[in-house]
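The values are calculated or read from the model by the stated rules, or taken from the named source; none is laboratory data. Note that the structure is predicted; figures quoted are calculated from it, not measured. Neighbour counts are summed over all protein chains in view; Cβ atoms, including those assigned to glycine, are modelled from backbone coordinates with ideal geometry.
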Amino acid sequence: MKNSSCFVLSIFLIVIISLVTLMGSGCLDSQDQTELPEAGNLSSDSGNSSEQPVAVVLAEELEVPWSLDFLPDGSIIFTERPGNVRLIDAGQGLSEEPLLSIDEVSATGEGGLLGIAVHPDYENNSFIYLYYTYSEEGALSNKVVRYTHRSNELTEDQLIIDGIPASGIHNGGRIKFGPDGMLYITTGDAGQSSLAQDPDSLAGKILRLNDNGDVPEDNPFGNSPVYTLGHRNPQGLAWDEQGRLWATEHGSSAHDELNLIGAGNNYGWPQIIGDETAEDMVSPVIHSGEDTWAPSGAAYLNGSVFFAGLRGESLYEASIDQDAEAVSVGLQSHFTGEFGRLRDVVAGPEGNLYLLTSNRDGRGDPVSTDDRIIRINVSKL
């Protein structure tokens, strides 16, 4: 009996040691491999970058956050897909009440309250721009609306553009101001691939507008907001140090894309994918081949385009060759599986990256603290 008891005890110890080892390696829960501090505020751990942890949660238990931008004081303003605009104050953290809740938002499928952009001259005009899906007479559409941020509220809404085709899939939704001061808007094909090649449709395009919604005189198709066409579902925009615009795009079956954007270009959907070529159509600089990134938001920092992966559950990094018209092929991935689905990545004013998770969008496997906004110490990547 004594030998038998020793044998059982030995087996028990081996099992315990094995479990501890698995937990330490992250094999039991891939989303918890990076040990994250409790949610704090923007000012915490913001000193010497070498002393910061690699990742810090700034907000958690959010409702499918989709996009964020920064106010001049360093505060974060962001959207939640059901229709809320919320603020992380630079000193006090996440505000309990939304700045704005938009009843008109139709959060159907992939639609809802999506992109947000702070006007470059916000300090003088207090303008905030939102992209969202709405329903009119039973039909879905997308539009961009400008608000004025005063007294901790968003008011004085002004329509910038509407009638962008929408559906339960492929709504695009990213809006950003470029170095030229123009507002760039990505739109999806709304599940109708032929619209991407129709120059008279706003679907499957990158649009370019003045900040008041007027069409710039130097747009490539005359009095049209269309800047480029032939897109399936672009969701990321980023400008590099040379002022070149990069865009991420969801492929139909893998073959996700990173494109170098030029005025008037046709990026081929649905005629070409991956390495395929066609006259007067532009192929991607790089694509995922038979893998799936499901790329969303993009940011440029330190010579690389970073983009968020949804199904790929990674932060991807593509380094840019500054002496050529191409991106180097050395693609890296960070945090694969650690935070789940990543919807957006934004370069902060202090040189860090900020990630939005999208695990409660109906396609993820959320943990108890999802969804989250996470600050990444780039120096430790």
Quick one: is VAL305 within 16 Å of the chain's Cα centre (by Cα), among the β-branched types (Val, Ile, Thr) and modelled with pLDDT of 95 or more? yes
Out of all the residues in region 335-358, is one or more without any contact (Cβ under 8 Å) to a residue 24 or more places away in the chain and either over 16 Å from VAL57 (Cβ atoms) or in contact with a Gly (Cβ under 9 Å, 6 or more places away or on another chain) (or both)? no
Report every pair of residues separated by at least 6 positions or lying on different chains whose Cβ atoms are under 6 Å apart, first residue within region 194-212 and touching a residue at least 12 places away in the same chain (Cβ under 8 Å) and closer than 12 Å to GLY163 by Cβ, second of a type in the set (Asp, Glu) and crowded, with 24+ Cβ neighbours inside 10 Å. ALA203/ASP189
Within region 138-155, can one find any residue that is at pLDDT 95 or above, of a type outside the set (Ser, Thr, Tyr) and under 19 Å from LEU356 (Cβ atoms)? no
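Looking at SER319, SER296, SER379, can you tell me which residue is surrounded by fewer than 22 Cβ atoms within 10 Å (Cβ to Cβ), touching a residue at least 24 places away in the same chain (Cβ under 8 Å) and not in a loop (DSSP other than H, G, I, E, B)?
Only one candidate qualifies: SER379.
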LEU130: passes all of (1) hydrophobic (A, V, I, L, M, F, W, C); (2) surrounded by fewer than 22 Cβ atoms within 10 Å (Cβ to Cβ); (3) in a strand (DSSP E or B) but (2)
Please state which one of TRP239, TRP246 is in contact with a strand residue (DSSP E or B) (Cβ under 7 Å, 6 or more places away or on another chain), surrounded by fewer than 23 Cβ atoms within 10 Å (Cβ to Cβ) and farther than 14 Å from PRO295 by Cβ. TRP239
Within region 160-181, the count of residues that are over 17 Å from LEU140 (Cβ atoms), of a type outside the set (D, E, K, R) and either crowded, with 18+ Cβ neighbours inside 10 Å or touching a Gly at 6+ places or on another chain (Cβ under 7 Å) (or both) comes to 4
Give me the pairs: first residue in region 82-96 and crowded, with 17+ Cβ neighbours inside 10 Å, second residue assigned to a strand (DSSP E or B) and of a type in the set (Ser, Thr, Tyr), beta-carbon distance under 7 Å, and six or more apart or on different chains, which are they? GLY83/SER101; ASN84/SER101; VAL85/THR79
Of all residues being polar (S, T, N, Q) and in a strand (DSSP E or B) in region 255-293, which is surrounded by the fewest Cβ atoms within 10 Å (Cβ to Cβ)? Just the residue, please. ASN266
Suppose we filter THR155, THR133 for residues that are touching a residue at least 12 places away in the same chain (Cβ under 8 Å) and not basic (Lys, Arg); which single one remains? THR133
Scan region 102-112 and tell me whether some residue there is within 21 Å of the chain's Cα centre (by Cα), buried (at least 22 other Cβ atoms within 10 Å of the Cβ) and assigned to a strand (DSSP E or B). yes
Hey, among the residues in region 28-73 that are closer than 12 Å to ILE374 by Cα and β-branched (Val, Ile, Thr), which one's modelled with the lowest pLDDT? THR34
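Out of curiosity, is PRO366 part of a loop (DSSP other than H, G, I, E, B), surrounded by fewer than 22 Cβ atoms within 10 Å (Cβ to Cβ) and touching a Ser or Thr at 6+ places or on another chain (Cβ under 9 Å)? Give the steps one after another, and end with the answer.
Working: part of a loop (DSSP other than H, G, I, E, B): yes; surrounded by fewer than 22 Cβ atoms within 10 Å (Cβ to Cβ): yes; touching a Ser or Thr at 6+ places or on another chain (Cβ under 9 Å): yes.
Yes.
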